[in-house]
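Written below as C-alpha cells is the structure these notes are about.
The values are calculated or read from the model by the stated rules, or taken from the named source; none is laboratory data. The structure presented is a predicted model; accordingly, all values stated were derived computationally and were not measured. FYI the Cβ positions are ideal-geometry reconstructions off the backbone, even for glycines, and counts take in every protein chain you see. Accessible surface areas use protein heavy atoms only, side chains included; no ligands, DNA or RNA. Shrake-Rupley method; radii C 1.70, N 1.55, O 1.52, S 1.80 Å.
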Amino acid sequence: MSQSQSNVEVEEFAFQAEINQLMSLIVNTFYSNKEIFLRELISNSSDALDKIRYLSLTDKTVLDTNPDLKIDLVPDVSNKKLIIRDTGIGMTKSDLINNLGTIARSGTKNFMQAIKEGVEDISMIGQFGVGFYSAYLVADKVTVVTKHNDDEQYIWESEAGGHFTVQRDVHGEPLGRGTKIILYMKEEQTDFLKERTIKDLVKKHSQFIQYPISLQITKEEEVDDDKETKKDDKDKSDAQVEEVDEDEEKKKDKKKKKVEKKEWEQLNKTKPLWLRNPKEITKEEYGAFYKSLTNDWEDHLAVKHFSVEGQLEFRAVLFVPKRAPFDMFETRKKPNNIKLYV
C-alpha cells in the first residue's frame, strides 16, 4: 500500500518549516520513554471517533459507511509493522495535506521552545496538539490511509525526510470510513509489536478511552492433520485386517498439528469512572483517569465528582489542573475541555 500505484498521480509536498524542525527533533533526540507514541495515536483515534459521533447526533446517515465506532491494533511481527485503525471521521485530501504537514499548529513552536528550555519533555507532545509526530519515535516510515464521507480514499506517506507524498488509494482495502496508520518500526523498536507490551501500554495509558480498543492476537491450537491421517489409512490398506475397537483406532489414527489462529481481544473493559460511586473510587484511579484524559504528567489539583437529577440528568467529573495550559489565552483555539459522553 506504501508503493506507488500505477496510473495514480503522486503529489509531493514539503513539510512546513516548524513541523520539519519538530520532526527532526523527534527523530534525532535520545529519549527513552518512546512508549508514549501509542497513547498519542490512540488519543487521536478517539478524537476522530468523537467527531463522527457528534455529527451522528443530528445526522444518523453519517454512520451508514460504518456503524461500529472502534479502534483496532494489529501487530505484524514478520513485516515489522504496527497498524492502528479507527472508524472515526477520517480525513479529506485537504485535511491530510493541512493537518499532517503544511500548516503548523500554534502549539508546534511553543512545544519546541519548551523542549529547548527544559520546561517540558517529549511526553507532553499531545498537550501541544502535535501528538501524531510522536510516531517517528519508533518508526522509520509512516503511512496514513484515510477515508472521509465527503471524499475518496487517500494515502499519506513520509519517512520524515523533509517531505511527504499524497495519492489517491485505488487498489487498497476500502476502509468505508476512518483512518489506518501503518508504522514501519525501527529495528530496535520491535518490542512494541509484542502482544504483552501492547496490552500493558493500553492498560497504562488508554484504559479509559470510551471506544473499544481491540488487539489482534495470535493463538496456537491443535487440529487434526488430515493429510497425515489419509497417508496412514493408505499404508494400512495393504496390511492384514484385524478386529479392533473402532473408537480406539480412530483416536490413534488422528494426527495432530499446530496452527495459528487470529482473534480479537478487547483491551479496555474498565467501567466508565463517572458512572461509578465516588466513594468506591480511589485517588489513584482519579489520577489515572485525569492523565489519560489530558495527557498531563502531573496529578490534578482538585476533583469534583457529582450527579444532577431533574428534567436534565447527568453525572460529571470536573478536574482542576495544577498548572494553567500553555495556550490558555489563545483566542483562536477551539475550547474542548468539557467532554460529553452520551
Selection within segment 128-163 - open to solvent by 10 Å² or more (accessible area, probe 1.4 Å), within 15 Å of PHE13 (Cβ to Cβ) and in contact with a strand residue (DSSP E or B) (Cβ under 7 Å, 6 or more places away or on another chain)
TYR154, GLU157, GLU159, GLY162, HIS163
Go over the candidates ILE42, ILE52, ILE89 one by one and state the one that is touching a helix residue (DSSP H, G or I) at 6+ places or on another chain (Cβ under 8 Å) and part of a loop (DSSP other than H, G, I, E, B).
ILE89
So how many residues does segment 300-323 have that are under 27 Å from ASN33 (Cα atoms) and open to solvent by less than 70 Å² (accessible area, probe 1.4 Å)?
3
Considering only segment 270-305, state which residues are without any contact (Cβ under 8 Å) to a residue 24 or more places away in the chain and of a type in the set (A, V, I, L, M, F, W, C).
LEU301, ALA302, VAL303
Flag for VAL166 being surrounded by 16 or more Cβ atoms within 10 Å (Cβ to Cβ), within 15 Å of ILE97 (Cβ to Cβ) and either at pLDDT 95 or above or under 18 Å from the mean Cα position of the chain (by Cα) (or both)
yes
Just name the residue that is surrounded by the most Cβ atoms within 10 Å (Cβ to Cβ) out of those in segment 265-296 that are within 17 Å of the chain's Cα centre (by Cα) and aliphatic (A, V, I, L, M).
LEU267
Among the candidates ILE103, ILE26, ILE83, single out the residue that is in contact (Cβ under 8 Å) with a residue 60 or more places away in the chain, surrounded by fewer than 18 Cβ atoms within 10 Å (Cβ to Cβ) and under 25 Å from LYS199 (Cα atoms).
ILE83
Within segment 189-240, of all residues that are open to solvent by 90 Å² or more (accessible area, probe 1.4 Å) and at pLDDT 75 or above, the one farthest from the chain's Cα centre (by Cα) is GLU222
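Considering only residues that are at pLDDT below 85 and surrounded by 13 or more Cβ atoms within 10 Å (Cβ to Cβ), which ones fall in segment 30-59?
Matches in segment 30-59: TYR31 only.
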Of the residues in segment 86-99, those that are closer than 15 Å to GLN16 by Cα and open to solvent by less than 40 Å² (accessible area, probe 1.4 Å) come to LEU96, ILE97
Candidate set: segment 247-296, residues that are at pLDDT 75 or above and among the acidic types (Asp, Glu); chosen: the one farthest from PHE319 (Cα to Cα)
GLU260
